[in-house]
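The values are calculated or read from the model by the stated rules, or taken from the named source; none is laboratory data. Owing to the predicted nature of the structure, the values given are computational and were not obtained by experimental measurement. Please note: Cβ atoms are built from the backbone with ideal geometry, for glycine as well, and neighbour counts cover all protein chains shown. In case anyone asks, the SASA skips ligands and DNA or RNA and just uses the protein heavy atoms, side chains included. Shrake-Rupley method; radii C 1.70, N 1.55, O 1.52, S 1.80 Å.
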Amino acid sequence: MASLYRRLNRVRSLGPETAEAILDATLPHASPDERDAIVAELLDSTTKDNISGLEVVLRHWGCLSADAKRASLVVGVDHMEPLVTRAVAHGVPTARRAAGRLLSSIVAESSSFSAGELAVIAHACAELARDADPAVSGDAISALADLGARTESRDPSLLDVIDRALIEAADTWHEHRSGRMLEAIALRAHASGPLLREWLDRIDHPAHMALRSSARMLRPDELAPRLVRWLSIPALAPVATQRLTTRPTEKERLFALSDSHLLLNPRRRAAVSRMGNCDALLAGVPVGPGASPSRVGAVRWSQQARMNPTRRRALISAVLTTGDPHAQWAAAQAMVSREASREESVTLLDYALVADRHAAALAARTLSMTRSSLKWRACAASLRPLARSQHESVRRTIDESARWRDPMRGVSEPWGGAVAARLLLASDQSGFINELRSLLAHGSGEQRMNAMQLARRLRLVQEIESELIAVTCGSDNRLRSMAVHLLARSSSPASRAAVESALRAPDGRVRATAVEVVARWRDRDAQLTEFVADQVARVRANAIVHFLSEGRTQRSATIAMHEMLSDARSGHRLSALWVAEVGGQTDLADRAREMAMHDDDPAVRKRAMRCARALTAMTRRAWSGSPADQPAGVSL
């Protein structure tokens, strides 16, 4: 080694240019130790202003040792910008060859780059890709292709850098004709940024045909997960369409079926509708415990693609027998989404009558979910037996579906039948009102209650006033109370007489409703005075609330409320707290807090705490000057 260093010193004494030429000529023929020493000498002589030594090293890249290559890359990264400038801007052939080799090696060895480094590398690769020297263009294209395939950053600026470089290289494809470049574009097409996406959307670009050829040559593991995503890309959609309709492998088929959720994209959905026969893609139902997404996908594809109705029914029926709840749900929905045929209704009915509760509820829900009158009539015969199903969920589903269409169906919910009732009222008002009257006169208790609720929602109280008056004389106190409540909307003498008669009803609920109605009329204080001491808490509370709102009787009503708060009956104390909160009696906030801590009844304590909080909030709003909820006990 001593002789080697002496020789290097002698060469170094000849001057930089001469020494560099001698080392350039000696490097390929030297021994491994000598090559490492020569590389170290050349790299030491490399500066920002003189990078010729680095060019010599890169020129002999193939014969360098691993340690020499690593040292060259470290120096190359530090001097990449002047080298690229010398290669691209000045067009020095030796620098272009060195830059191509450096870029290819850096991209192959490094895992990440900063935004500035990435911009320099990408621009240089795009420029060198069209070099006349095949070695230079090959290295640049290889580097850019690797860069495009590996960059998955979500940073828009980094995506734009890579996409712009790929587009520059693709636009000059006729000069270098590199399939590797087009493969890189195909690999990142589904995750491209706006620049590359716009390039892919252009119609009849000269490089698109070559792009499709390169896409067809991708490895199966690269092609399969991208086929469905390519359906939304005009430049690559023909490749995906051809592959999915003619000869998909089993892996491609499973990937396409499991990616069926991507068909929600309008572009992909339109591409599928234009596809030809999808029998190859939908040949059989995938089996296995992990194939649930593929089974669901088979149903979705059958709904979007062109397919013979008989084959579609056969496929969906096969999915229904798999035992997969997700696939069964998708299949059951598909059975009635296209045509309400007798065969489909029968198939679904079979599943709605099985012992498994989930499968039965699934089929029943699907049978009843249609909003079309035509489809409903086709399925009605299948739904009737389900009203006697052994599963409560099935019976409830059928009842809800019938309620949506039957305005008079007996249900407890206040929204029951409202949609169908409005439709019937618009088409046959007199017939609908006559049906309401008939139900109020002859229906069961539940039917009469629902008829009154519908009349209230549809504002038909005046039309059934005589029937409501008759209900107030009946024996069902729940119906009597509802009828009195509805008659408050009528001002006729007969309605008022019926309400006044309800004031003497033995049932407390009926009396309370009547007091509430009469309190809305003017000059009725004399009729309501006696109810301030009623034995029923709700009646008593309604009367006190009325007198609290009257200025001339407010003091006596306040006294009555204090007495009610001290009543031994917990129900009366609960009602008194309600009166204090509704009447805005903020001076009772301390009393309510005391009851919340010391009352014997837990329900009273809970209600008292709520009342105290509400009254305190009213006081704060009043003193802050808020016009909302001004309490009765505070004056500013």
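Within segment 297-305, does at least one residue satisfy the condition of being in a helix (DSSP H, G or I), buried (at least 21 other Cβ atoms within 10 Å of the Cβ) and among the aromatic types (Phe, Trp, Tyr)?
There is at least one residue in segment 297-305 that is in a helix (DSSP H, G or I), buried (at least 21 other Cβ atoms within 10 Å of the Cβ) and among the aromatic types (Phe, Trp, Tyr).
Could you please tell me which pairs satisfy a Cβ distance under 9 Å, a separation of 6+ or placement on different chains, a first residue in segment 274-286 that is among the small types (Gly, Ala, Ser), and a second residue that is open to solvent by 40 Å² or more (accessible area, probe 1.4 Å) and in a loop (DSSP other than H, G, I, E, B)?
If the second residue must be open to solvent by 40 Å² or more (accessible area, probe 1.4 Å) and in a loop (DSSP other than H, G, I, E, B), the pairs left are Gly276/Arg306; Ala280/Arg247.
Only one of (1) surrounded by fewer than 22 Cβ atoms within 10 Å (Cβ to Cβ); (2) more than 47 Å from the chain's Cα centre (by Cα) is not met by Thr619, so which one is it?
(2)
Any idea which residue in segment 48-65 is nearest to Val11 (Cα to Cα), counting only those that are modelled with pLDDT under 75 and open to solvent by 40 Å² or more (accessible area, probe 1.4 Å)? Full working, then the answer.
Going through segment 48-65, the residues modelled with pLDDT under 75 turn out to be 48-62, 64.
From what's left, open to solvent by 40 Å² or more (accessible area, probe 1.4 Å): 48-50, 59, 62.
Numbers: Lys48: 22, Asp49: 21, Asn50: 18, Arg59: 20, Gly62: 24 Å.
Once the filter is applied, the top-ranked residue is Asn50.
Report yes if Arg509 is closer than 23 Å to Cys473 by Cα, outside any loop (DSSP other than H, G, I, E, B) and of a type in the set (Lys, Arg), otherwise no.
In short, yes.
Of everything in segment 281-325, what is modelled with pLDDT of 80 or more and within 23 Å of the chain's Cα centre (by Cα)? Give them in sequence order.
Hits for segment 281-325 are Ser292, Pro293, Ser294, Arg295, Val296, Gly297, Ala298, Val299, Arg300, Trp301, Gln304.
State all residues of segment 274-295 that are in contact with a helix residue (DSSP H, G or I) (Cβ under 7 Å, 6 or more places away or on another chain), small (Gly, Ala, Ser) and open to solvent by 20 Å² or more (accessible area, probe 1.4 Å); if no residue qualifies, say none.
If the condition is that a residue be in contact with a helix residue (DSSP H, G or I) (Cβ under 7 Å, 6 or more places away or on another chain), small (Gly, Ala, Ser) and open to solvent by 20 Å² or more (accessible area, probe 1.4 Å), then Gly276, Ala280, Ser292 are the ones that fit.
List the helices (runs of 4 or more DSSP H) that sit entirely inside segment 534-636 and contain at least 1 residues that are within 27 Å of Arg522 (Cβ to Cβ) and at pLDDT below 85.
Helices (runs of 4 or more DSSP H) meeting the threshold: 537-548, 554-565.
Identify, from the list Ala541, Ala533, Ala568, Ala560, the residue that is touching a residue at least 12 places away in the same chain (Cβ under 8 Å), under 23 Å from Asp599 (Cα atoms) and loosely packed, with under 15 Cβ neighbours inside 10 Å.
Values: Ala541 fails: loosely packed, with under 15 Cβ neighbours inside 10 Å; Ala568 fails: touching a residue at least 12 places away in the same chain (Cβ under 8 Å); Ala560 fails: loosely packed, with under 15 Cβ neighbours inside 10 Å.
Matching residue, one of Ala541, Ala533, Ala568, Ala560: Ala533.
Is at least one residue of segment 478-499 surrounded by fewer than 22 Cβ atoms within 10 Å (Cβ to Cβ), in a helix (DSSP H, G or I), over 51 Å from the mean Cα position of the chain (by Cα) and of a type in the set (S, T, N, Q)?
no
Report those helices (runs of 4 or more DSSP H) wholly inside segment 170-280 carrying at least 3 residues which are out of contact with any Cys (no Cβ under 6 Å at 6 or more places or on another chain) and at pLDDT below 80.
Numbers: elements: 173-176, 179-188, 194-201, 208-216, 220-223, 227-230, 237-246, 250-258, 266-274.
Ranges flagged: 173-176, 179-188.
Results for (1) loosely packed, with under 14 Cβ neighbours inside 10 Å; (2) assigned to a loop (DSSP other than H, G, I, E, B); (3) modelled with pLDDT under 80, shown as yes or no for each residue.
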| residue | (1), (2), (3) |
| --- | --- |
| Gly410 | no, yes, yes |
| Trp415 | yes, yes, yes |
| Ala420 | no, no, yes |
| Leu424 | no, no, yes |
| Arg437 | no, no, no |
| Ala441 | no, no, no |
| Asn450 | no, no, no |
| Arg456 | no, no, no |
